[in-house]
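Student: Below you will find the structure I want to go over with you.
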Amino acid sequence: MRALDRTGQGLTALIIAIFALPVIALFVGMASDRSFLIGSLSWAPVLIITSVMRNPLRNLGLMHRLLAWFCIGVTGAAFFFLGRGDEFSLAIATVCGLALAVIESLTAYFDKRKMADR
């Protein structure tokens with residue numbers, strides 16, 4: 001792959017800057033809203049719980065891991081709703097738990113397949 005000359009590099013940087021301006025303006029508009037901080041802080045328990053529990057759950061069997069990820073998803077959704085001050089929806093919390101369980105089962109399937117290919 002050939003490197004761009006100075007003119008090409010400058011033109012590329014200009015095009016990237018022009019296309020980045022609307023995204024930056026949208027983010028600044030969202031961040032200046034008063035509820036943006038509350039909305040972003042309500043994601044913190046979900047992100048912390050999933051990142052902390054990822055490695056300890058790898059030692060469990062598949063069914064126990066799926067059950068644990070389901071419970072983590074429901075609990076994370078509860079923290080999310082309570083953090084935002086919204087009313088708790090059991091249906092949405094169940095979908096979040098099922099989504100984490102499905103992601104874990106797909107990860108286990110592809111890990112098993114990768115190990116079989118080696």
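The values are calculated or read from the model by the stated rules, or taken from the named source; none is laboratory data. Remember, predicted model here, so these are calculated numbers, not experimental data. Neighbour counts are summed over all protein chains in view; Cβ atoms, including those assigned to glycine, are modelled from backbone coordinates with ideal geometry.
Student: So is Asp86 under 21 Å from Pro45 (Cβ atoms), at pLDDT below 85 and acidic (Asp, Glu) or not? So that I can check it myself, show each step before the final result.
Tutor: Details: under 21 Å from Pro45 (Cβ atoms): yes; at pLDDT below 85: yes; acidic (Asp, Glu): yes.
Here the answer is yes, as Asp86 does meet what is asked.
Student: Among (1) at pLDDT 85 or above; (2) assigned to a helix (DSSP H, G or I), which single condition is Leu60 missing?
Tutor: (2)
Student: List pairs: first in region 24-46 and assigned by TED's automatic domain parsing to the domain that holds Phe80 and modelled with pLDDT of 70 or more, second assigned to a helix (DSSP H, G or I) and of a type in the set (Lys, Arg), Cβ under 8 Å, 6+ apart or cross-chain?
Tutor: These pairs meet every condition: Ser42/Arg84.
Student: Right, here's the next one. Looking only at residues that are surrounded by 12 or more Cβ atoms within 10 Å (Cβ to Cβ) and farther than 23 Å from Arg54 by Cα in region 84-118, which one is nearest to the chain's Cα centre (by Cα)?
Tutor: Arg84
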